[in-house]
Every structure is written in C-alpha cells, then in structure tokens.
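Only one structure is covered here, and it is reproduced in the block below.
The values are calculated or read from the model by the stated rules, or taken from the named source; none is laboratory data. Predicted model only: the values in this text are computed from it and were never measured. Heads up, the Cβs are rebuilt from the backbone with ideal geometry, glycines too, and the neighbour counts pull from every protein chain shown.
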Amino acid sequence: MDTIRILLVDDHPVVREGLRRMLEIEDDFQIVGEAAGDKEVLSQVESFSPDVILMDIKMPGVDGIELTRMIKERHPDCHIIMLTLYDEYLPRAIEAGAAGYLLKDIRREELTRAIRAVREGRAPLNLSLGQDRLAELTPSARREQYHLSERESAILRLIADGITTENIARQLFLSEASIKRSVRLIFEKLGVHNRSEAVSEAYKRGLI
C-alpha cells in the first residue's frame, strides 16, 4: 500500500491536532507537516513534497484559495482539498485548482475516503453542498474539477461535434496516435467507455 503524504494547513492549532489524531491511525497516511500561514505552507510544500494538502480557507494573510492557486502553479501534481466551515467559496476554490471541497463537519471515514480519492484523480465534494452550489461552477471550473487539460477539452468538443479521430488530428495538428491517447485519458477521467458515453457525460456535467 502506497503511503499518502499529507500536509495540514489551518491557523487553529486545535484543528490541526484533531486532524492529525484522526488521520495518523490510517496505515497508509503520513502527516509530513503542519502550517498556520502562507510562508509556512510554501516552505513545507517545498521541503516535504506532500501528496495531499488539507487546506483551510479563512486564514491571516494570504487565504487558502490564493495559496491553492500559488501551489498548483509551482507543484501541479499536488492534490489540495479545501476543508472549511464555509460552502460559498466552492466555485473559486475549484477555479484555483482545488481537487476537492469538504466541510469541517465531515465524518472521519468520509475524510479518509476523500483523501484516497484525490490521490486516484477523483474530485470529492460534500454531498451536503447540494446541486445549487455545483451549478455555480463555470465550464472552466468544471473542467478543472475533472482534471481535463485544454487539449482534452478541445478534443472532447470535437468528439461531441462528431469529428473523426483522423480529422481531429488534422485540425489540432497532432498525430492520430496522440489523439487516441488523449481520448483514452478522457474516457478514464469521465469514467466512460466510448464516445457516445463521453459526450453524454460531458453534457450532463456541463463540460461542453
């Protein structure tokens, strides 16, 4: 079982201590550090290369959303889960690059499941946030949520238009092999098996 390296970011020591106690009992979790503010966070990300960061939003100085943006620019492979008391920042957090958005009243088993989910490339959201919050996401935020690159998004739109692999390659000035690889990745990210399912899911999720 691969160890998941976790950094805890919250300006309240009691919250960090509670999270540490909650997560350290998991055999595949390792808490590599704790941080209360922007300078500590950036320094510890550089030093410890965490796989997952649990990030508070409301903190002194640079807030968690801007920190998320800064970290993702420098360390795009780092997965960040917003763990907050507030549900109104979901669209901004996803736009900034957060892989998940959870409320602090989440149960331990849900939190541990969410951490493992982001490591696998999935994007956990509190069900209690409701569909009204999810509907606020812009198309670009939704693409970020599902980790679709700009190229993959362009290919997905062309697939929806019924364009063949050969013609997609011609339009994007790429090889057919490259397009086929991208299509396989799109299928994996959307959890589908063919073009028609991909288009259906894309429309359902507001990706195109």
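I need the full set of residues from the stretch 22-41 which are without any contact (Cβ under 8 Å) to a residue 40 or more places away in the chain and surrounded by 14 or more Cβ atoms within 10 Å (Cβ to Cβ), in order please.
Across the stretch 22-41, the qualifying residues are Q30, I31, V32, G33, E34, A35, A36, G37, D38, E40, V41.
Does the stretch 131-140 include one or more residues that are loosely packed, with under 15 Cβ neighbours inside 10 Å, within 13 Å of A202 (Cα to Cα), modelled with pLDDT under 60 and out of contact with any Cys (no Cβ under 8 Å at 6 or more places or on another chain)?
Yes: the stretch 131-140 contains one or more residues that are loosely packed, with under 15 Cβ neighbours inside 10 Å, within 13 Å of A202 (Cα to Cα), modelled with pLDDT under 60 and out of contact with any Cys (no Cβ under 8 Å at 6 or more places or on another chain).
As an exercise: evaluate G162 against (1) small (G, A, S); (2) on the phi < 0 side of the Ramachandran plot; (3) modelled with pLDDT of 85 or more and give the number of the one condition it does not meet.
With respect to (1) small (G, A, S); (2) on the phi < 0 side of the Ramachandran plot; (3) modelled with pLDDT of 85 or more, G162 is out only on (2).
Out of (1) over 23 Å from A36 (Cβ atoms); (2) surrounded by 22 or more Cβ atoms within 10 Å (Cβ to Cβ), the odd one out for R113 is which?
Answer for R113: the failing condition is (2).
Please count how many residues of the stretch 76-99 are more than 13 Å from the chain's Cα centre (by Cα) and surrounded by fewer than 17 Cβ atoms within 10 Å (Cβ to Cβ). Explain how you work it out, then say what you get.
Initial filter on the stretch 76-99 (more than 13 Å from the chain's Cα centre (by Cα)): 84-89.
Then drop every residue that is not surrounded by fewer than 17 Cβ atoms within 10 Å (Cβ to Cβ), which leaves 85-88.
Number satisfying all stated conditions: 4.
For every residue, the table says whether it meets (1) crowded, with 17+ Cβ neighbours inside 10 Å; (2) at pLDDT 95 or above; (3) assigned to a helix (DSSP H, G or I).
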| position | (1), (2), (3) |
| --- | --- |
| V14 | no, no, yes |
| R20 | no, yes, yes |
| S43 | no, no, yes |
| I65 | yes, no, yes |
| K72 | yes, no, yes |
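Which one is surrounded by the fewest Cβ atoms within 10 Å (Cβ to Cβ), of the residues in the stretch 191-208 that are assigned to a helix (DSSP H, G or I) and at pLDDT 85 or above?
S196
Taking only the stretch 168-180 into account, find how many residues are free of Cβ contacts under 8 Å to residues at least 24 places away in the same chain, in a helix (DSSP H, G or I) and in contact with a helix residue (DSSP H, G or I) (Cβ under 8 Å, 6 or more places away or on another chain).
Summing the residues that are free of Cβ contacts under 8 Å to residues at least 24 places away in the same chain, in a helix (DSSP H, G or I) and in contact with a helix residue (DSSP H, G or I) (Cβ under 8 Å, 6 or more places away or on another chain) in the stretch 168-180 gives 7.
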